[in-house]
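Beneath this line is the structure, given in structure tokens, with notes to follow.
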Amino acid sequence: MYNTLNSIIYLIETQNFKLSKGKLGTNRIQNVGNALETFVKDLYARSFSSTKKQKEKNYAKTFSFMDSSNSPPDVIIRGGDALEVKKMEGLFSDVQLNSSYPKYKLRIDNPLISNECKNCEQWTEKDIVYAIGFNVKKSLRLLWLVYGDCYASDIEIYDNLKITISEGIRNIPDIKFEETNELGKVKALDPLEITNLRIRGMWTIQNPNRLFSDFINYDASTKFQIICLMRNTKYLSFDKESIKSFEGVIDPNLFVTDVSVRDPNNPQSTIDCKLITYKIF
């Protein structure tokens, strides 16, 4: 099975936290993101030391979908979770989501996902893991694996906001509003009717280091650390073999803690979660 618990075991076994070059381009920031995405894919596909040819085979076996554009998600584990990879610009700075609002779950009716993603396997809803990395120069120092239902609100919250904003723009007098998958498009803004305005959201979400600071703090003395947060119900949904293997790991730098976090849909209530941390010194 390929899942988050097995991936953490694999990291503990390999002690690997080095970023490969990934897919190189001319944009330095994009290169960092590509290297982080490659690391996450290798983590889940157990491919840190694989040759390029073997890595491709492992990817094909592990993932039913890998994105090649800017639409979410980045990866879908075959029969399992979706993965969205993001990088931190700073330890406590907001995480940039660009034009895609945060996901409580990944749903097949989301208009922003591609047809390839919708048709990669039989599914209607996926748990989504935000894999958020922090680098110092070329070294990965911290990787969060936080599940969307611990982090983001239901899709209706964001959709309702989008509808409200779009309706407000549509009601501006004397404009030609066009529906899009973004916030909208206004056409023919000038006397010659040749200028259009594309209106899109640029979403951010609070850094998990800040949001969950009540029970986790970044340990600057480490070479690398991984932090994983999931609901107890999610933890118990993994197959028994994965849970048994994970709970059988004996390592003084592995910590599993029961915590309560605010419900993203109702801050007046809490949800019971598993917090998993592993540190390499």
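Taken together, the values in this text are just the output of simple stated rules run on the coordinates, not laboratory data. Keep in mind it's a predicted model, so treat the numbers as computed, not measured. Neighbour counts are summed over all protein chains in view; Cβ atoms, including those assigned to glycine, are modelled from backbone coordinates with ideal geometry.
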The pairs in Lys118/Lys185; Lys244/Lys274; Lys138/Lys234; Lys52/Lys105 lying past 22 Å Cα-Cα in this model are Lys118/Lys185; Lys138/Lys234; Lys52/Lys105
Checking the a/c ratio against 1.5 first, then a/b against b/c, what shape does the Cα gyration tensor give for segment 32-79?
oblate
The chain, helix-only ellipticity at 222 nm - DSSP H runs n ≥ 4, -39,500 (n - 2.57), divided by all residues, nearest 500
-8000 deg cm²/dmol
Which of the aspartates and glutamates could a cross-linker bridge to Lys86, judged by Cα under 19 Å and excluding same-chain residues fewer than eight apart?
Glu37, Asp42, Asp67, Asp74, Asp94, Asp127, Asp149
DSSP beta bridge pairing in the chain, given as percent antiparallel to the nearest 5
80
Rounded to a whole number, the Stokes-Einstein D of the chain in µm²/s (Kirkwood radius over Cα pairs; 25 °C; 0.890 mPa s) is 121
Rotationally averaged projected area of segment 93-222 (alpha carbon convex hull; nm²)
11.8
Counting only DSSP loop positions in segment 47-89, the chymotrypsin sites (Phe, Trp or Tyr not before Pro) whose Cβ has at most 10 other Cβ atoms within 10 Å are none
Among 114-126, 85-97, 144-156, how do they line up from the highest to the lowest mean number of other beta-carbon atoms within 10 Å?
144-156, 85-97, 114-126
Determine the dipole magnitude for the chain: charges of +1 sit on the beta-carbon of Lys and Arg, -1 on that of Asp and Glu, nothing else is charged, the reference point is the Cα centre, and the result goes in debye to the nearest 20.
1280
